[in-house]
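Only the coordinates and a few stated rules stand behind these numbers; no lab work does. Fair warning: this is a prediction, and the values are worked out from it, not measured in the lab. All Cβ positions, glycine included, derive from the backbone under ideal geometry; neighbour counts span all protein chains shown.
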Amino acid sequence: MDWKIQTRSKECGLCSGLYQDKAPYHTLLFDVDHTWTRYDICETCWKTKKESFLKEKGEFISHWQGIFQSPPPPPPEILEQNRAEELLRELLKRNLPSFAPSAFVLAAMLERKKELKIKSVKTSGETRIFIYEHPASGDIFPIVDPNLRLAQLDRVQQDVSDLFEKGIPETLNETNRSTTMVEDPTSTVSSD
């Protein structure tokens, strides 16, 4: 007898309707070709289709009732990681120069969480470009080092916070956006 762990389904095995939180369901185990097979059935189908279903499938091995419990929401940290990656992808896709410092910070956040890994650093004149790779997907993220200055950090932090809260504006006039690229050569933040 083969037995593979089969978790409770999120939908009825007969009508394919998704279970709502705290909805009753019925579980039946059948021996199908020497393998136990699980069927989760909603209360409505149990009442209206049970006879024909049992006639078709034959005798079951076990039956029990349960109450569906929706899985808990993912922890905020996971949501933040997913949101950071989503924002970074969109910023790179839209190629908005004034968001380069925000993209740099998002990439650093994801690197810290081991969601991105630096593969190489390229230099073109005065510009450094970090080549990040997403280990799971193999996607490449070229991130320009914006040479942030200490005086810019508060503004960049606020920009990143705004991105998490409000997203990237649909219509953006780059010339009207307040830029974070304020020149202050006395206070360079460096990763060297």
Quiz item: Across segment 96-110, in residue order, what do the Karplus-derived ³J(HN,Hα) couplings come to in whole Hz, using 6.51 cos²θ - 1.76 cosθ + 1.60 with θ = phi - 60° and x for Gly and Pro?
Solution: 9, x, 5, 9, 4, x, 5, 4, 4, 5, 4, 4, 5, 4, 5
Practice problem: For segment 1-71, report the translational diffusion coefficient in µm²/s to the nearest whole number, using Stokes-Einstein at 10 °C, 1.306 mPa s, and a Kirkwood Rh over Cα pairs. | Solution: 127
Quiz item: Residue-wise, which Karplus ³J(HN,Hα) couplings in Hz belong to segment 120-127, taking 6.51 cos²θ - 1.76 cosθ + 1.60, θ = phi - 60°, and x for glycine or proline?
Solution: 6, 10, 10, 10, 10, x, 8, 9
Quiz item: Looking at the P(r) of segment 1-155, how many percent of alpha-carbon pairs lie beyond 29 Å?
Solution: 50
Quiz item: Which pairs, out of K22/K166; K22/K47; K93/K114; K122/K166; K117/K166; K10/K114, put more than 25 Å between their alpha-carbon atoms?
Solution: K22/K166; K122/K166; K117/K166; K10/K114
Quiz prompt | Projected area, mean over directions - segment 76-166, Cα convex hull, nm² | solution = 6.1
Self-check item: Burial ranking of peptide ranges 147-153, 83-89 (average Cβ count within 10 Å, highest at the top)
Solution: 83-89, 147-153
Quiz prompt | Footprinting exposure proxy for T7, T44 (fewest neighbouring C-beta atoms within 10 Å first) | solution = T7, T44
